[in-house]
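Visitor: Next up is a structure, given as structure tokens.
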């Protein structure tokens, strides 16, 4: 078998997700994934450090995209504009229509395993840190940066859950923009609710 | 040595934190903690499942307090009132003046260890889930519940960091109320920033 296999990474990813759903994440071995994909274990390890990286391998890229998009937004962009730009950026790279069919499987595998759920929460915390740091670099005060980062992560995670629904046909970015608008309206409500009652 | 030791839990906690700071968390063993505290390993294990629980043992209580306080707030309470009530509740139980001197040590130990930092992030995520769930039970819509929960956790974690500063003398609840007010003002700004520019 040659050292280079066309689409090996994607074949391995799809096969792994199928096996994780069929047999459970813990019960699936790298050898089984490689075997079912018609590849070798060493090919697997050229693409992924371990089987968990099949689910979280894009994490560094994603975290980087969030931060870069916020930093690259024009000086006139508001904080919420920066969040919208970040969502545009990740939508274009990571949540494209050709990857939609993998998303329900990935979500199901993570939902069934508490250790993977923790990893997903940590991924979100890393995204929040990256957004907050990039906003601070644009001159945002600490409170705004932290709060906006949580708003961005909530828009992202809400949008991902909706986009990953098996019957969803709407593009990620449309769902994400709507989620961001909802959250922004929610922020207005929270910002005024005690005053409104007084 | 008797089965029951007065203040054994607190002695073990204080000794463990001192050793974690002196020798590092990973290098400290349960045997050393018990020995330095003048107690036995079995006494340690009557109070803590492992050495990590010295740092995170109060987590379940804390998560429970957040949820209960939100649920117990009067029907007229706004969402932000509920968050304030939750902060009052945890301030009274967990962040009392007699525990202040432990806080800088705990923070230093966690800051020095990436696995403990992850645990701290997961604790915050659990608190956020508990708040969001309790707000939903009061009839909040999903967006408001999720966003308010993040606001509550940010108020909590910001307040904890300020309260735990070695030279701080201000009570936790005062710091937390101020943090909540700042975050609420930040929410108003975020809620309106795109409109303001348009």
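The values are calculated or read from the model by the stated rules, or taken from the named source; none is laboratory data. Just so we're clear, the structure is a prediction, and the values are computed from it rather than from any experiment. Don't worry about glycine lacking a Cβ; one is built from the backbone with ideal geometry, like all the others, and counts go over all protein chains shown.
Visitor: Is it fair to say residue B:187 is buried (at least 22 other Cβ atoms within 10 Å of the Cβ) and at pLDDT below 95?
Guide: The answer is yes for residue B:187.
Visitor: So is residue A:103 at negative phi, crowded, with 22+ Cβ neighbours inside 10 Å and in contact (Cβ under 8 Å) with a residue 12 or more places away in the chain or not?
Guide: Answer is no for this residue.
Visitor: Follow-up. Filter segment A:70-88 down to the residues that are assigned to a helix (DSSP H, G or I) and surrounded by fewer than 21 Cβ atoms within 10 Å (Cβ to Cβ), then identify the one that is nearest to the other protein chains (Cβ to nearest Cβ).
Guide: A:81
Visitor: Take the conditions surrounded by fewer than 19 Cβ atoms within 10 Å (Cβ to Cβ), in a helix (DSSP H, G or I) and within 23 Å of the chain's Cα centre (by Cα) and apply them to residue A:32. Does it pass?
Guide: Here the answer is no, as residue A:32 does not meet what is asked.
Visitor: Given (1) closer than 23 Å to residue B:192 by Cα; (2) modelled with pLDDT under 95, identify the lone condition not met by residue A:74.
Guide: Every condition holds for residue A:74 apart from (2).
Visitor: Of everything in segment A:133-144, what is in contact (Cβ under 8 Å) with a residue 40 or more places away in the chain and in a helix (DSSP H, G or I)? Give them in sequence order.
Guide: A:133, A:134, A:135, A:137, A:144
Visitor: Taking the options A:147, A:122, name whichever one is over 14 Å from residue B:150 (Cα atoms) and within 8 Å of chain B (Cβ to nearest Cβ).
Guide: The conditions single out A:122.
Visitor: Which residue pairs have Cβ atoms under 8 Å apart, sit 6 or more places apart or on different chains, and have a first residue in segment B:21-39 that is on the phi > 0 side of the Ramachandran plot and a second that is in a helix (DSSP H, G or I)?
Guide: Once the first residue is on the phi > 0 side of the Ramachandran plot and sits in segment B:21-39, its partners that are in a helix (DSSP H, G or I) give B:38/B:11.
Visitor: I need a count of the residues in segment A:153-194 that are away from chain B (no Cβ under 12 Å), in a helix (DSSP H, G or I) and without any contact (Cβ under 8 Å) to a residue 24 or more places away in the chain.
Guide: Summing the residues that are away from chain B (no Cβ under 12 Å), in a helix (DSSP H, G or I) and without any contact (Cβ under 8 Å) to a residue 24 or more places away in the chain in segment A:153-194 gives 2.
Visitor: Moving on. Quick check on residue A:198: is it over 19 Å from residue A:56 (Cα atoms), out of contact with any helix residue (DSSP H, G or I) (no Cβ under 8 Å at 6 or more places or on another chain) and modelled with pLDDT under 95?
Guide: Judged against the criteria, residue A:198 is a match.
Visitor: So, one more: Just to be sure before I move on: is residue B:14 under 23 Å from the mean Cα position of the chain (by Cα) and over 30 Å from residue B:169 (Cβ atoms) in the structure I sent?
Guide: No, not satisfied.
Visitor: Go through the residues of segment A:89-100 one by one and say whether even a single one is more than 26 Å from residue A:20 (Cα to Cα), touching a helix residue (DSSP H, G or I) at 6+ places or on another chain (Cβ under 6 Å), surrounded by 22 or more Cβ atoms within 10 Å (Cβ to Cβ) and more than 10 Å from every other protein chain (Cβ to nearest Cβ).
Guide: No, because not a single residue in segment A:89-100 is more than 26 Å from residue A:20 (Cα to Cα), touching a helix residue (DSSP H, G or I) at 6+ places or on another chain (Cβ under 6 Å), surrounded by 22 or more Cβ atoms within 10 Å (Cβ to Cβ) and more than 10 Å from every other protein chain (Cβ to nearest Cβ).
Visitor: Which residues, taken from segment B:41-55, are within 14 Å of residue B:9 (Cβ to Cβ) and either touching a helix residue (DSSP H, G or I) at 6+ places or on another chain (Cβ under 6 Å) or surrounded by 19 or more Cβ atoms within 10 Å (Cβ to Cβ) (or both)?
Guide: Within segment B:41-55, B:43, B:44, B:47, B:48, B:51, B:54, B:55 meet the criteria.
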